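Taking it in order: structure first as structure tokens, then the write-up.
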Amino acid sequence: MRTWLPLAIVVALISVGLWFSESPPQQLLGKRPTPKEFDRAADLIIRGAKTRHFSPEGTLAYRLDADSVTYFQFARRDRANLDQPRIVFYQGQSPRWRTESETGVAYNNGERVVLRGDVNIWELPQAGGIHLQTAAITIKPREEFAETDKVVKIAAGANRTEGRGLRAYLKEDRVEILSEVQSIYENQ
């Protein structure tokens, strides 16, 4: 029995030491996090995220890839912070529009996605298609709709248009610039 006593004491001390080193000071003092502090903790972090979203008919509607996704679940909603998000919208079997940005935030299971930081949207195939640039844009992926109140630059071949505010109906391949529009067109 005496040979086990020192071993048991050593195991107990190691266990207590690990518990103290892994526990935040608030838990050691018996303090519980407030609901606001609790909501700030990420529920899930995914590196190299790739998601696919399908239409009610079962065809691929769009895909969203990101270098990382940090997901938060709140009482009435959810939020996912996206790092280097890329969204590709499909029409039929073919990719039609591609977006890229530095960051993004998806709200309520992706109903609304806000892209920020050097946002680029390309009409596919890229050769001769529309290229749109802005600082921030809100996309409703299920509706294939995008809008912003920021300055927008649009290039289509040699033609250039700049303005403030935009509504893009991606399904219809229709883009509306809302104000301060300036365009440069080249004759063919």
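The values are calculated or read from the model by the stated rules, or taken from the named source; none is laboratory data. In this text the structure is predicted, and so the values were computed from the model without any measurement. Every residue, glycine as well, gets a Cβ built from its backbone with ideal geometry; the counts of neighbours run over all protein chains shown.
Before moving on, here are some points about what is shown:
- Hits in segment 91-102 (condition: more than 14 Å from Asp65 (Cβ to Cβ) and at pLDDT 90 or above): Glu102
- Breaking point among (1) under 18 Å from Arg86 (Cβ atoms); (2) under 21 Å from the mean Cα position of the chain (by Cα); (3) among the aliphatic types (A, V, I, L, M), for Ile130: (2)
- Filter result for Thr148 (modelled with pLDDT of 85 or more, within 30 Å of Pro56 (Cβ to Cβ) and not acidic (Asp, Glu)): yes
- Restricting segment 147-182 to residues that are of a type in the set (Asp, Glu) and exposed (fewer than 15 other Cβ atoms within 10 Å of the Cβ), the residue that is farthest from the chain's Cα centre (by Cα) is Glu180.
For (1) on the phi > 0 side of the Ramachandran plot; (2) surrounded by 14 or more Cβ atoms within 10 Å (Cβ to Cβ), each residue gets a yes or a no:
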site	(1), (2)
Thr51	no, yes
Pro56	no, no
Phe72	no, yes
Gln84	yes, yes
Tyr90	no, yes
Arg98	no, yes
Leu115	no, yes
Trp122	no, yes
Ala135	no, yes
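- The residues of segment 61-112 that are free of Cβ contacts under 8 Å to residues at least 24 places away in the same chain and part of a strand (DSSP E or B), listed by number, are Asp65, Asp67, Ser68, Asp83, Arg86, Glu100, Thr103.
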